[in-house]
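Colleague: Pasting a structure below so you can have a look.
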Amino acid sequence: MTENDDDNAPADNVVRVDFGAARRPKATTTKAPAQVKAQPPAATELSPERPEKLRMFARLIEKGMVMVTVDTRVVEARVPPRFGGELQLNLNFSHRFGLEDFDYDDVGVRASLSFGGSPFFCDLPWTAVYGMTSHVDGERLLWPDSFPKELVSLLPAQARHAREPELAPQPETKPSTMIDVSGGDDEPPPPPRPTLRRIK
């Protein structure tokens, strides 16, 4: 060696080992938290001030599959074009379908449903919904005020009276517009047959 040689430089056949490396914490990389999809509200989380149709849908969907009856002529309703203009379109919703975009809130209910094996994102505002039927226990709810006028004659008697306030005494506070036609003295018509069915 000469005086110019670096005393700290390792020889060609020497491997430098850092014994302190084992004691130093390893560098960690931080990953951005995965996006967590917001869960739709549970029925018990909804106050009476929230839309009635939302509260009823949340209650029924917790039991299982729900068939929603919709007037597709409502401007904001989004369904496959071939069903545009339908007075009575029945669509099935269920948590068991495992649809990532299934959601419902104060505005309406939406999800990508299957039509002939092809998905289509349906967006149904509550203003377009006038009926809900539980596939689990047959509970059936109607909103006469939202019923297409062309189909009013098909309403059960108690629902027709609810749609025509002049036929019933006026209470001091406005009653709910929802009618449960699952039972009662009047024999309700059978639930509408689903026009669409999700095939798994």
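Colleague: Can you tell me which condition LEU113 does not meet? The list is (1) touching a residue at least 60 places away in the same chain (Cβ under 8 Å); (2) out of contact with any Cys (no Cβ under 7 Å at 6 or more places or on another chain), and all the others hold.
Modeller: The one condition LEU113 does not meet is (2).
Colleague: If you don't mind, there's one more thing I want to ask. Cβ contacts < 6 Å: first residue touching a residue at least 60 places away in the same chain (Cβ under 8 Å) and part of a strand (DSSP E or B), restricted to segment 72-92; second residue β-branched (Val, Ile, Thr) and surrounded by fewer than 18 Cβ atoms within 10 Å (Cβ to Cβ), any location; separation 6+ or different chain. Result?
Modeller: Within 6 Å, the pairs are ASN90/THR195.
Colleague: Looking for something within 18 Å of ASP180 (Cα to Cα), touching a Gly at 6+ places or on another chain (Cβ under 9 Å), hydroxyl-bearing (Ser, Thr, Tyr) and in a helix (DSSP H, G or I) - is there at least one such residue anywhere in segment 133-154?
Modeller: Taking every residue of segment 133-154 in turn, at least one turns out to be within 18 Å of ASP180 (Cα to Cα), touching a Gly at 6+ places or on another chain (Cβ under 9 Å), hydroxyl-bearing (Ser, Thr, Tyr) and in a helix (DSSP H, G or I).
Colleague: Only one residue in ARG82, ARG50, ARG78, ARG110 is at pLDDT below 95 and under 28 Å from VAL152 (Cβ atoms). Which one?
Modeller: ARG50
The values are calculated or read from the model by the stated rules, or taken from the named source; none is laboratory data. Computed from a predicted structure; not experimentally measured. Backbone-built Cβ (ideal geometry, glycine too); neighbour counts: all protein chains shown.
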